[in-house]
1. Residue by residue through the range 55-76, note down the ones that are assigned to a strand (DSSP E or B) and open to solvent by less than 90 Å² (accessible area, probe 1.4 Å).
2. Go through the range 1-29 and report how many residues are closer than 22 Å to Arg80 by Cβ and part of a helix (DSSP H, G or I).
3. May I ask you to list the residues in the range 30-54 that are in a loop (DSSP other than H, G, I, E, B) and either touching a helix residue (DSSP H, G or I) at 6+ places or on another chain (Cβ under 8 Å) or within 17 Å of Pro79 (Cβ to Cβ) (or both)?
4. Are there any pairs, at least 6 apart or on different chains, whose C-beta atoms fall under 7 Å, with the first in the range 58-78 and on the phi > 0 side of the Ramachandran plot and charged (D, E, K, R) and the second at pLDDT 95 or above and surrounded by 11 or more Cβ atoms within 10 Å (Cβ to Cβ), and if so, which?
5. Out of the residues in the range 8-48 that are on the phi > 0 side of the Ramachandran plot and surrounded by 13 or more Cβ atoms within 10 Å (Cβ to Cβ), which is nearest to the chain's Cα centre (by Cα)?
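The values are calculated or read from the model by the stated rules, or taken from the named source; none is laboratory data. All values reported here derive from a predicted model rather than from experimental measurement. Here the Cβ is made from the backbone with ideal geometry for all residues, glycine too, and neighbour counts use every protein chain on show. Only protein heavy atoms, including side chains, enter the accessible area calculation; ligands, DNA and RNA are left aside. Shrake-Rupley method; radii C 1.70, N 1.55, O 1.52, S 1.80 Å.
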Amino acid sequence: MSIYVGNLSYQVTEDDLKQAFAEYGKVSRVQLPTDRETGRPRGFAFVEMESDSQEQAAIDALDGAEWMGRDLKVNKAKPREERSSSPRGSCGGGNARRNNNRY
């Protein structure tokens, strides 16, 4: 299982998260996604711990808790959904069918 941690401060680091979650057990892994353009954290993370019971203890204790000026959202992470193989998804793209009449 993996834990989703949302509503994080943009100043948070992986070490900050490891320390916070270490109170509830051994942290196996922390993923802190960053924005491609700015390089700053995106405001959420994923934490994996050694056992399900440790992860549940962390979820129970930290969900809704105030940390670094923010109210955390902590729950079981949902599996990542498959994305379309199309580079633009199912939204279409371009303006080949657009009516280019000018008035």
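1. Quick first cut of the range 55-76, residues assigned to a strand (DSSP E or B) only: 66-67, 70-71, 73-76.
If the condition is that a residue be assigned to a strand (DSSP E or B) and open to solvent by less than 90 Å² (accessible area, probe 1.4 Å), then Trp67, Arg70, Val74, Asn75 are the ones that fit.
2. The first filter runs over the range 1-29 and keeps only residues closer than 22 Å to Arg80 by Cβ, leaving 1-8, 12, 14, 17, 21, 27-29.
Of the ones still in play, those that are also part of a helix (DSSP H, G or I) are 14, 17, 21.
Of the residues in the range 1-29, 3 are closer than 22 Å to Arg80 by Cβ and part of a helix (DSSP H, G or I).
3. Those that are in a loop (DSSP other than H, G, I, E, B) and either touching a helix residue (DSSP H, G or I) at 6+ places or on another chain (Cβ under 8 Å) or within 17 Å of Pro79 (Cβ to Cβ) (or both): Leu32, Pro33.
4. none
5. Initially, the range 8-48 is screened for residues on the phi > 0 side of the Ramachandran plot, giving 25, 39, 43.
Add one more test, that the residue is surrounded by 13 or more Cβ atoms within 10 Å (Cβ to Cβ), and what stays is 25, 43.
Details: Gly25: 20, Gly43: 7 Å.
Result: Gly43.
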